[in-house]
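Each value in this text was obtained by applying a stated rule to the coordinates, not by laboratory testing. Treat the numbers as computed from the prediction; the structure is a model and nothing was measured. With ideal geometry, Cβ positions are generated from the backbone for all residues, glycine too; neighbour counts draw on all protein chains shown.
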Amino acid sequence: MGKKVLHVITGLNDGGAEGVLARLCLHSNEVTHVVISLMDEGKYGPLLKRSGVAVHCLSMSSGIPSIGRMIQLVRLIRLERPDAVQTWMYHADLLGGLAARLAGVRRVFWGVRMSSLEQGKSSRLTRWIASVSALLSVWVPKKIICCANKAVSVHGELGYDRDKLTMIPNGYDLSRFKADPSRGNKIRKQLGLGYESFVIGMVGRFDPLKDHSNLLEALAKLAEKEIDFQCLLVGKGLVLENVTLRDHIIDLGLQDNVRLIGQRADIPAIMNALDLHVLSSCSEGFPNVIAEAMACGVPCVSTDVGDALEILGDESTICPPGDSTALAELIVTMVREWQTNPAAWQARRNASIQRIEERYSIESMVSAYETCWFGNSNGASQLCAD
């Protein structure tokens, strides 16, 4: 059956790269896909298996991999005999890329997802791997696929081979992420949220790069203005058992305004329950949650990270990272429009949907990747063509 692409990824837990990999495999009908997780099968492994995608897990531990596991990876790639190998994120780019070349695969494609590597935000090992990868980028990959324009420029400055750097934006399954008020109302009812309240949300794991402290500080400023709002924090680690986060919420007096929802499998429904999605990150590549919220007709504001502005398309909806005062002002502006100008608010919702439909469909992403791997011309973008 046609060509075979083997993917190597660090793990398959909930995350942006993992979700893009899954969507790519499930919507690419011209290519056979095989996935190797260096760690475990996480969230997406069972989903891929149920859909007929072969998934192998090497159960590597975090840190420096053993020689035995590397030999196992090389043997597995040789056994699968792929036409191309696509790796995802720094660790898999380095290990998977080297293993693929040792296995005799020449068509190796790296996948870069981050747009910054800051000390204190990214681990020392990750920064070291990126530095080594920059040196090897002349030899190992045929192309280096970034999900954001900023990632292209940043990694060029880091020393990655500029001639190989290219960008393919993420694509979304718009049959899942779409405006569906009934699903949103059901979530509101489950959570006891009144229809008169302005519901803010942020979907994203608890991580320093997401900068939830910035969001909470901004929300405290909203509370000082006596604005009636509720905020849903959704993602891994956003639970009451997270003492650090819980204490910060209490210290700011936000315990009646902020709900810790934790990790959820019904993100499209959650998005539909929101009036506004906020991204407070200090670093991103291509923030999927903005596009997913917009596809559901939910207006968004964001810090100016990665390609957030490219997705939003409106400079009035972004502010500098780490500036809680500016972020609070953006949110207040949105609340006031929602309160006083329903027609303008509905127009904003409609424009959000239209922008994602026109720019970020799953079909365009799949076509661009297939073009990158094999130079197909069946209507695909020529971003990565030889």
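What you get for the range 20-121, charging only the Cβ of Lys and Arg (+1) and of Asp and Glu (-1), is a dipole of about 120 debye around the Cα centre. Using the Cβ-Cβ distance between residue 163 and residue 346 with R0 set to 56 Å, the FRET efficiency works out to roughly 0.75.
In a simple Cβ point-charge model (Lys, Arg +1; Asp, Glu -1; nothing else charged), the chain has a dipole of about 1560 debye relative to its Cα centre. Ranking 51, 20, 234 by how far each Cα lies toward the positive end of the dipole of the chain (charges on Cβ) leaves 51 at the top.
Tell me the angle of helix 342-359 to the major Cα principal axis of the chain, expressed in degrees between 0 and 90 and rounded to the nearest ten. So the helix axis and the longest Cα principal axis differ by about 0 degrees. Close amide-amide hydrogen proximity is noted between residue 161 and 137, 138, each under 5 Å apart and 5 or more residues distant or on a separate chain (H modeled in the peptide plane; Pro and chain starts excluded). Separation of the range 199-244 from the range 46-70 is 33 Å, based on Cα centroids. Here's the picture: charge each Lys and Arg Cβ at +1 and each Asp and Glu Cβ at -1 in the range 181-359, and of 322, 309, 255 the one pushed furthest to the positive end of that dipole is 255.
What length, rounded to one decimal in nm, is gained on full extension from residue 325 through to residue 226, with 0.36 nm per residue of separation minus their alpha-carbon distance? Spell out each step's value before the answer.
Values: separation 99, 0.36 × 99 = 35.64 nm, distance 1.57 nm.
Gain on extension, residue 325 to residue 226, equals 34.1 nm.
Taking a ≥ b ≥ c as the square roots of the eigenvalues of the Cα gyration tensor, the range 240-386 is classed as prolate, since a/c reaches at least 1.5 and a/b is larger than b/c. Working from Cα pairs under 8 Å separated by at least six residues, relative contact order for the chain is 14 percent. A 24 angstrom limit on the alpha carbon distance is what I want to check against. Which of 3/143; 4/143; 4/164; 143/178 exceed it? Beyond 24 Å between Cα atoms: 143/178.
When the alpha carbon gyration tensor of the chain is reduced to an equivalent ellipsoid, its three semi-axes come out at 37, 22, 19 angstrom, largest first.
Taking the charge dipole of the chain about its Cα centre, with +1 at Lys and Arg Cβ atoms and -1 at Asp and Glu Cβ atoms, the residue from 110, 151, 60 reaching farthest to the positive side is 60. For the chain, modelled as a GNM whose springs connect Cα atoms under 10 angstrom apart, the maximal fluctuation among 40, 247, 323 occurs at 247. Each Lys and Arg contributes +1 and each Asp and Glu -1, all at the Cβ; summed about the Cα centre of the range 181-359, the dipole is approximately 740 debye. Note on the chain: with a GNM built from Cα contacts shorter than 10 Å, the maximum mean-square fluctuation among 193, 276, 330 falls on 193.
Sorted ascending by nearby beta carbons within 10 Å, beginning with the fewest, 318, 144 become 318, 144.
Residues whose amide H comes within less than 5 Å of that of residue 264, counting only those at least five positions distant or on another chain, are 235 (H built at 1.01 Å from N in the peptide plane).
Computed from backbone phi with θ = phi - 60° and the Karplus coefficients 6.51, -1.76 and 1.60, the 3J(HN,Hα) list for the range 255-268 is 4, 8, 10, 10, 10, 9, 9, x, 6, 10, 9, 10, 4, x Hz; x is used for glycine and proline. Give the aspartates and glutamates reachable from residue 210 as a straight Cα distance under 14 Å; neighbours fewer than 8 places away on the same chain don't count. Filter leaves 118, 284, 304, 323. A Gaussian network model of the chain, with springs between Cα atoms under 10 Å, assigns the largest mean-square fluctuation among 369, 172, 195 to 195. For the range 139-152, 3J(HN,Hα) computed residue by residue from phi via the Karplus equation (6.51, -1.76, 1.60; θ = phi - 60°) reads 9, 6, x, 7, 9, 10, 8, 9, 8, 8, 4, 5, 4, 4 Hz, glycine and proline entered as x. Each of the peptides 154-163, 211-220 was scored by the mean count of other Cβ atoms within 10 Å over its residues; in descending order, highest first, they stand as 211-220, 154-163. Quick check: net charge around residue 250, other residues with Cβ under 15 Å of its Cβ, Lys/Arg +1 and Asp/Glu -1? Net local charge, residue 250 excluded: -3.
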